[in-house]
Each structure stands twice: as C-alpha cells, then as structure tokens.
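Trainee: What follows is a single structure, and I will ask about it in a moment.
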Amino acid sequence: MADFEWPWQYKFPPFFTIQPNLETRKKQLEAWCSLVLTYQRHKKSYSLDVTEAQTSPLFHNKAINRKLTLDAIYTILDELKKRGHVEYTDKVRKQCLVMWRTPEEWGKLIYSWVSANGMNNTVCTFYELTEGDATTNEEFHGMEKWLLVRALRTLEAQGKAALMDDGVKFF
C-alpha cells in the first residue's frame, strides 16, 4: 500500500511489542488504535480476520522485520472494542467488524448529506445511499449494508428517519 502514509511509530521496532510501562502502553495503544482505524478507512474495509491480520502489512512491517504477536493484536482489538469500533462476529474471536466511525458518527454524516441536499421528507433506497451516483464523493459510498442499517437506526432513534425493507425515509 504505497499510497498509505504510515505513522513514524511504524518504523520504530519497540512499537511492535506491547510495552510494560502503563503510561507508555497507554500512548502505544492510542497510536495502534488510530493506525488500525486509519488503515481500515484507507482500504474501505469493514472486517478483519485476526489470523490473517498477523501477516498483513498493518501488523507486520517487513522493512524492519517486526510483527505483532497474536496476543498483542487482541490487546489492540479489545481496546478498540471498548471504544465501540470493533465487534467480534464469532465466539472464538477470529473475525471482527471494524468501524472506523461509530454507527452514531455515520448517522450524523449521512443526515448532514441528506439535509445539505434537500432530501428531508424523501425516501432513499439503501442502494441509492451506498452505490448511487449522488453519493460517489461521500465517505459512506460503498458502505456495507450491516453498518448502513446500524447508522440509520441511530437516526431512527432520534426521530430523524424511519427504516423500511430496503430503504429509509428521512424527516
């Protein structure tokens, strides 16, 4: 991923070992959480296979011959889970959903687009929102349906939208 800009820590070998000092570890986890979310956002990827992740460029810097252990990856993913950005999809924690924005943040972004385009009191299909020509330049273009529905449910809870079978009415 030549066009992805890695943070300076990525080239620093100790970054790939969870640090024992609590203050250092806190800063390290903050940097890792930010890196995971930025990387997933760049790839427009909403899921992660934990086993495969260990050999991906995200957790394995071949240039300095360093990679995170599986335990370290779980430490980072568990921190992201606490923050509402990761959700495991199986009991053995091998697959997870990664939300670089929370459903609430996505809902706000979608509703801002709806309002800016005068689409209040209209109905949109899920396809129009995530694949339509009108949203090509929007960050939510290409969003997976499960996350779109969660984002729209946050708007529904606020009285700003009503979900339908394969669409939504905005208020």
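Trainee: Could you check, for segment 109-132, whether at least one of its residues is open to solvent by less than 10 Å² (accessible area, probe 1.4 Å), of a type in the set (Phe, Trp, Tyr), on the phi < 0 side of the Ramachandran plot and in contact with a helix residue (DSSP H, G or I) (Cβ under 9 Å, 6 or more places away or on another chain)?
Mentor: No, every residue in segment 109-132 fails to be open to solvent by less than 10 Å² (accessible area, probe 1.4 Å), of a type in the set (Phe, Trp, Tyr), on the phi < 0 side of the Ramachandran plot and in contact with a helix residue (DSSP H, G or I) (Cβ under 9 Å, 6 or more places away or on another chain).
Trainee: When segment 65-74 is examined, which residues are found to be assigned to a helix (DSSP H, G or I) and surrounded by 17 or more Cβ atoms within 10 Å (Cβ to Cβ)?
Mentor: Once the filter is applied, which keeps residues that are assigned to a helix (DSSP H, G or I) and surrounded by 17 or more Cβ atoms within 10 Å (Cβ to Cβ), segment 65-74 yields Ala72, Ile73.
Trainee: Could you check segment 3-15 and list, in sequence order, the residues that are in a loop (DSSP other than H, G, I, E, B) and either at pLDDT 95 or above or surrounded by 10 or more Cβ atoms within 10 Å (Cβ to Cβ) (or both)?
Mentor: Those that are in a loop (DSSP other than H, G, I, E, B) and either at pLDDT 95 or above or surrounded by 10 or more Cβ atoms within 10 Å (Cβ to Cβ) (or both): Phe4, Trp6, Pro7, Phe12.
Trainee: Moving to a separate point now. Could you please tell me which pairs satisfy a Cβ distance under 7 Å, a separation of 6+ or placement on different chains, a first residue in segment 150-162 that is free of Cβ contacts under 8 Å to residues at least 40 places away in the same chain, and a second residue that is of a type in the set (Asp, Glu) and in a helix (DSSP H, G or I)?
Mentor: Note: pairs meeting the criteria are Ala162/Glu156.
Trainee: For the subset of segment 16-64 comprising residues that are part of a strand (DSSP E or B) and closer than 22 Å to Tyr88 by Cα, which member is nearest to the chain's Cα centre (by Cα)? Break it down stepwise before answering.
Mentor: The first filter runs over segment 16-64 and keeps only residues part of a strand (DSSP E or B), leaving 47-49, 60-61.
Adding the requirement that they be closer than 22 Å to Tyr88 by Cα leaves 47-49, 60.
Details: Ser47: 8, Leu48: 10, Asp49: 14, His60: 20 Å.
Filtering first and then ranking leaves Ser47.
Trainee: Looking at segment 116-144, I want the residues that are more than 15 Å from Ala161 (Cα to Cα) and have a partner that is basic (Lys, Arg) and open to solvent by 60 Å² or more (accessible area, probe 1.4 Å) with Cβ atoms under 7 Å, at least 6 apart or on another chain. Which pairs are those?
Mentor: Gly142/Lys44
Trainee: Same structure, new question: Being assigned to a loop (DSSP other than H, G, I, E, B) and either of a type in the set (D, E, K, R) or over 17 Å from Asn120 (Cα atoms) (or both) is the filter here, so list the residues in segment 158-171 that pass it. It would help to see each step written out before you state the result.
Mentor: Initially, segment 158-171 is screened for residues assigned to a loop (DSSP other than H, G, I, E, B), giving 158-160, 164-166, 171.
Within segment 158-171, Lys160, Asp165, Asp166 meet the criteria.
Trainee: Which of the residues belonging to segment 75-93 are open to solvent by less than 90 Å² (accessible area, probe 1.4 Å) and either in a loop (DSSP other than H, G, I, E, B) or among the basic types (Lys, Arg) (or both)?
Mentor: Result: Arg83, Gly84, His85, Thr89, Asp90, Arg93.
Trainee: Residues being without any contact (Cβ under 8 Å) to a residue 40 or more places away in the chain and polar (S, T, N, Q): count how many of those fall in segment 1-55.
Mentor: Residues that pass the stated criteria total 8.
The values are calculated or read from the model by the stated rules, or taken from the named source; none is laboratory data. Quick caveat: nothing in here was measured; it's all calculated off a predicted structure. Reconstructed Cβ throughout: ideal geometry from the backbone, glycine too, with neighbour counts over all protein chains shown. Heads up: the accessible areas ignore ligands, DNA and RNA and are worked out on the full protein's heavy atoms, side chains in. Shrake-Rupley method; radii C 1.70, N 1.55, O 1.52, S 1.80 Å.
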